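> I am attaching a structure below and will ask some questions about it afterwards.
The values are calculated or read from the model by the stated rules, or taken from the named source; none is laboratory data. No experiment lies behind these values; they were computed from the predicted model shown. Ligands, DNA and RNA are stripped out before the accessible areas are found, and what is left, the full protein with its side chains, is counted by its heavy atoms. Shrake-Rupley method; radii C 1.70, N 1.55, O 1.52, S 1.80 Å.
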Amino acid sequence: MRVGVDRDRCCGAGQCVMSAPAVFDQSESDGLVLLRDGWAGSAARGDVELAAALCPANVISVEDDAGKA
């Protein structure tokens, strides 16, 4: 699954890092989301979808391997 983030809209709440730390991190300089890897395996799907749902700024996008959201 492909994961994307829009750092320009990120508010630094950190819900993504708490939900899926293998996929997301936060910048030490500004607290905004950092994507560790734009591709996540199926085992991480639930965590990534939870992170997307919890994101108050709605900056996380998720597409399956076929390119469908």
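> Could you state the angle between the C-alpha long axis of helix 45-54 and the longest principal axis of the C-alpha atoms of the chain, as a value from 0 to 90 degrees rounded to the nearest 10?
In the chain, helix 45-54 runs at an angle near 40 degrees to the longest axis.
> So, one more: How much space per residue, in cubic angstrom, does the convex hull of the C-alpha atoms of the chain take up?
Details: hull volume 5.0 nm³, N = 69.
Output value, Cα hull per residue: 72 Å³.
> Can you give me the accessible area per residue for the range 7-69, using a 1.4 Å probe, in Å²? Could you put the intermediate results ahead of the total?
Working: 3920 Å² over 63 residues.
Per-residue value: 62 Å².
> Probe radius 1.4 Å, ligands and nucleic acids ignored: give me the carbon and sulfur share of the accessible area of the chain as a rounded percent.
48 percent
> Per DSSP H run of at least 4 residues, take -39500 (n - 2.57); add these up for the chain, divide by its residues and hand me the 222 nm value, nearest 500 deg cm²/dmol.
Roughly -5500 deg cm²/dmol at 222 nm, from the helical runs in the chain.
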